[in-house]
Amino acid sequence: MSRAAERLRLLINHLDRPPADIRAETTGALSFNSSYPQRLRYSWDTDLLTPDQRLSYEENGFILIKNLVPEEDIDRFRSAIKRAVSKLQDFQEDAELFRYCNLPQVLQYVECFTGPNIMAMHTMLINKPPDAGKKTSRHPMHQDLHYFPFRPADKIVCAWTAMEKVNRQNGCLVVLPGTHTGTLKEHDYPEWEGGVNKMYHGVRGYDPQHPRVHLEMEKGDTVFFHPLLIHGSGMNQTQGFRKAISCHYASSDCFYIDVKGTTQENIEQEVKDITNRKYELGSDITFQDTWAFRGRLVQGERTSL
C-alpha cells in the first residue's frame, strides 16, 4: 500500500460522524447516505481520484487534471463567443455553452466533491483582455464563497477549463494552497491604482507571504477547487485575449442561508441592485432568488437547492 493510500485509510477510519463544519452550518439533522462511498472532509471516494489526488485536494484545496476537455469541444465553445466581452456571466440559457456543464468527464470529477446530486449554480466564460495599462485585467485575490448564499462550503466546487494556453504572461490563475481550510474572510474592492472591475471584490486580511502556485495550463486542462480557496489572476501582458470557461457546482443537498449581519452583506446588496436594474423585478427580489434563478440540475435529484 502506498503512503498516500495508507494516510487516506487512517483518515477514513477516524471518520465516525459528519465533518464539523457541516454540523455547525446545519440547523437541523443531516443524514448521511450509508450506501454512498465514504467521504473525507472535502472529497468522496468514487474510485476516480487516486489516493495522491485525493490527499492533494484535502490538503491544498485544488487539483489540476490535464487534457480533460477535448479540443473539439473547446473549439465549439470558442465559436459561440460572438463578441470580445471580457466576461460572460450566467450562460445557462445558451445551449451550446451550457454543454460544458454537462460534460460527463467533468461531472465525474465534480461528483468526487459534491456527491451524486449535482446543481450547476454559476457559469462563466472569461475572455481576459490585453491590459490597457491600468492593470484592470487583474482579478484580486478572493474566495468564491463570498458570492454564494448557500452552504455547506465543502459540497461546492468550481471546474475551470483553459480554452488555450494559460501562463503567467496572459494572467493564469494563482492560488494559495491550503487556505480552503480557513473561514470566509471579509471582501471589498481593493484600493488599486487605476481602479478595479465591477464586482471584483478582494479578500481582506490574508497573509501576502503565503506560498503561491501559478496554475499554468494547456488547452483542455481543468482545475477543480474549493470555494474557500484564496485565488486570483494577474494582468494579461500579451496582445491576445485569454479565454477560459468555468462552472461552479453544488450538491443539490445544499441549502440557502440568510447573509444579513455577515461579511456578505455588501455583495448581496450589489447583486440585488444589478438584478433590479437589469430585469426590473422590484425590491422584493432576494439574494437567494438571484441564485435559484440560475441553478440547473445536471445530475441526480434536486433535493433542496
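Could you run through segment 215-232 and say how many residues are more than 14 Å from the chain's Cα centre (by Cα) and within 25 Å of Thr183 (Cβ to Cβ)? Break it down stepwise before answering.
Filtering segment 215-232 for residues more than 14 Å from the chain's Cα centre (by Cα) gives 215-221.
From the residues that got through so far, the ones that are within 25 Å of Thr183 (Cβ to Cβ) too are 215.
Total satisfying the criteria: 1.
For Leu145, are the conditions met, namely being part of a loop (DSSP other than H, G, I, E, B) and at pLDDT 95 or above? Step through it out loud before you land on a result.
On the way: part of a loop (DSSP other than H, G, I, E, B): no; at pLDDT 95 or above: yes.
It is false that Leu145 is part of a loop (DSSP other than H, G, I, E, B) and at pLDDT 95 or above.
Could you go through segment 66-85 and let me know if any residue there is under 26 Å from Leu145 (Cβ atoms), at pLDDT 95 or above and under 16 Å from the mean Cα position of the chain (by Cα).
Looking through segment 66-85, none of the residues is under 26 Å from Leu145 (Cβ atoms), at pLDDT 95 or above and under 16 Å from the mean Cα position of the chain (by Cα).
Determine if segment 170-183 includes at least one residue that is modelled with pLDDT of 95 or more, among the aliphatic types (A, V, I, L, M), over 25 Å from Phe98 (Cα atoms) and assigned to a loop (DSSP other than H, G, I, E, B).
Scanning segment 170-183, I find at least one residue that is modelled with pLDDT of 95 or more, among the aliphatic types (A, V, I, L, M), over 25 Å from Phe98 (Cα atoms) and assigned to a loop (DSSP other than H, G, I, E, B), so the answer is yes.
Name the residue, out of Ala250, Ala292, Ala244, that is open to solvent by 40 Å² or more (accessible area, probe 1.4 Å), among the small types (Gly, Ala, Ser) and either in contact with a Phe, Trp or Tyr (Cβ under 9 Å, 6 or more places away or on another chain) or closer than 21 Å to Pro104 by Cα (or both). It would help to see each step written out before you state the result.
Working: Ala250 fails: open to solvent by 40 Å² or more (accessible area, probe 1.4 Å); Ala244 fails: open to solvent by 40 Å² or more (accessible area, probe 1.4 Å).
None of the others qualify; the one that does is Ala292.
For residues that are in contact with a strand residue (DSSP E or B) (Cβ under 9 Å, 6 or more places away or on another chain) and of a type in the set (D, E, K, R), scanning just segment 295-304, find the one that is least open to solvent (accessible area, probe 1.4 Å). Write out each step before concluding.
Our first condition is that a residue be in contact with a strand residue (DSSP E or B) (Cβ under 9 Å, 6 or more places away or on another chain); within segment 295-304, this holds for 295-300, 302-304.
Retained after the next criterion (residues that are of a type in the set (D, E, K, R)): 296, 302.
Details: Arg296: 63, Arg302: 117 Å².
Taking the candidates together, the pick is Arg296.
Going by the conditions given, is Asn276 free of Cβ contacts under 8 Å to residues at least 12 places away in the same chain and either within 30 Å of Cys112 (Cβ to Cβ) or in a helix (DSSP H, G or I) (or both)? Please lay out each step first, then the result.
Details: free of Cβ contacts under 8 Å to residues at least 12 places away in the same chain: yes; either within 30 Å of Cys112 (Cβ to Cβ) or in a helix (DSSP H, G or I) (or both): yes.
Judged against the criteria, Asn276 is a match.
Return yes or no: is Arg212 of a type in the set (Lys, Arg) and open to solvent by less than 10 Å² (accessible area, probe 1.4 Å)? Full working, then the answer.
Values: of a type in the set (Lys, Arg): yes; open to solvent by less than 10 Å² (accessible area, probe 1.4 Å): no.
In short, no.
Does Glu164 qualify as being acidic (Asp, Glu) and assigned to a helix (DSSP H, G or I)? Lay out the reasoning, then the answer.
On the way: acidic (Asp, Glu): yes; assigned to a helix (DSSP H, G or I): no.
Criteria not met by Glu164.
Could you give every pair whose Cβ atoms fall below 9 Å, whose first residue belongs to segment 44-63 and is within 19 Å of Leu107 (Cα to Cα) and modelled with pLDDT under 95, and whose second residue is open to solvent by 30 Å² or more (accessible area, probe 1.4 Å) and among the β-branched types (Val, Ile, Thr), counting only separations of at least 6 or pairs across chains?
Asp45/Ile12
Which one is modelled with the lowest pLDDT among residues in segment 86-127 that are over 22 Å from Phe293 (Cα atoms) and open to solvent by 50 Å² or more (accessible area, probe 1.4 Å)?
Ser86
Considering each residue of segment 158-173, count those that are open to solvent by 10 Å² or more (accessible area, probe 1.4 Å) and hydrophobic (A, V, I, L, M, F, W, C), and give that number.
So the first thing to find is which residues in segment 158-173 are open to solvent by 10 Å² or more (accessible area, probe 1.4 Å), and the list is 160, 164-165, 167-170, 173.
Applying the additional criterion that residues be hydrophobic (A, V, I, L, M, F, W, C) yields 160, 173.
Residues flagged as open to solvent by 10 Å² or more (accessible area, probe 1.4 Å) and hydrophobic (A, V, I, L, M, F, W, C) within segment 158-173 amount to 2.
Given (1) surrounded by fewer than 14 Cβ atoms within 10 Å (Cβ to Cβ); (2) over 30 Å from Asp75 (Cα atoms), where does Leu176 come up short, assuming only one miss?
Going through (1) surrounded by fewer than 14 Cβ atoms within 10 Å (Cβ to Cβ); (2) over 30 Å from Asp75 (Cα atoms) one by one, Leu176 breaks only (1).
Is it fair to say Arg302 is at pLDDT 90 or above and either charged (D, E, K, R) or touching a Pro at 6+ places or on another chain (Cβ under 8 Å) (or both)? Give the derivation first.
Numbers: at pLDDT 90 or above: yes; either charged (D, E, K, R) or touching a Pro at 6+ places or on another chain (Cβ under 8 Å) (or both): yes.
Yes, satisfied.
If the requirement is being more than 18 Å from Phe150 (Cα to Cα), acidic (Asp, Glu) and out of contact with any helix residue (DSSP H, G or I) (no Cβ under 9 Å at 6 or more places or on another chain), which of these qualifies: Glu218, Glu270?
Glu218
Considering only residues of segment 198-212 that are of a type outside the set (A, V, I, L, M, F, W, C) and in contact with a His (Cβ under 8 Å, 6 or more places away or on another chain), which is modelled with the lowest pLDDT?
Going residue by residue through segment 198-212, those that are of a type outside the set (A, V, I, L, M, F, W, C) are 198, 200-202, 204-212.
Among the residues that remain, those that are also in contact with a His (Cβ under 8 Å, 6 or more places away or on another chain) are: 200-202, 204.
On the way: Tyr200: 82, His201: 88, Gly202: 90, Arg204: 92.
By that ranking, first place goes to Tyr200.
The values are calculated or read from the model by the stated rules, or taken from the named source; none is laboratory data. All figures in this text were calculated on a predicted structure; none of them were measured in a lab. Glycine gets a Cβ as well: all are built from the backbone with ideal geometry, and neighbour counts include every protein chain shown. Heavy atoms of the whole protein, side chains included, go into the accessibility calculation; ligands, DNA and RNA do not. Shrake-Rupley method; radii C 1.70, N 1.55, O 1.52, S 1.80 Å.
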